[in-house]
Amino acid sequence: MKANISNTDKTIRVLLAILFVVLYMAGVVSGTVGIVLLIAAIVLLLTALINFCPVWRLLGISTRKKVPSAPTSGEKYKTDKPGNQQ
């Protein structure tokens, strides 16, 4: 599993999970809707903890920033500044 959730995405998931649990515990939602929200809260927390969302994967979405890879041996860092050419 390759991480596809950013820190912002993680924070939103945790906050939504907390909100869903609070709504259920306060009695604002109950019955089937309450159970569905509790299940959604569990899923949101799990995906936030493992930094991977299967739905994002199926849709080809990643909110995680791509880190540029370091040059391999033999490659030089490239710059766009004139005069730095060798």
TODO: Note down, for region 7-59, the three equivalent ellipsoid semi-axes (square root of 5 times each alpha carbon gyration tensor eigenvalue), biggest first, whole angstrom.
DONE: 22, 12, 7
Open item on the list: Given points 7 Å out from each Cα along the Cα-Cβ axis, report the Ile50 to Met1 separation in nanometres with one decimal.
Closed with: 0.2
TODO: Compute the signed sum of charges (Lys and Arg +1, Asp and Glu -1) over the other residues within less than 14 Å, Cβ to Cβ, of Leu16.
DONE: +1
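Using alpha-carbon pairs under 8 Å, 6+ residues apart, how would you state the relative contact order of region 7-59 in percent? Can you show the working numbers first?
Working: 32 pairs, mean separation 24.2, N = 53.
Dividing the mean separation by the residue count of region 7-59 yields 46 percent.
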- [ ] Return Leu15, Leu37 ranked ascending by Cβ neighbour count within 10 Å, so the fewest neighbours appear first.
- [x] Leu15, Leu37
Open item on the list: I need Ser30, Ser62 ordered by Cβ neighbour count within 10 Å, fewest first.
Closed with: Ser30, Ser62
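A short reminder: the numbers here are calculations on the coordinates, not readings from a lab. Keep in mind that what you see is a predicted model, and the values were worked out from it rather than measured. Note that we place each Cβ from the backbone using ideal geometry, even for glycine, and neighbour counts take in every protein chain shown.
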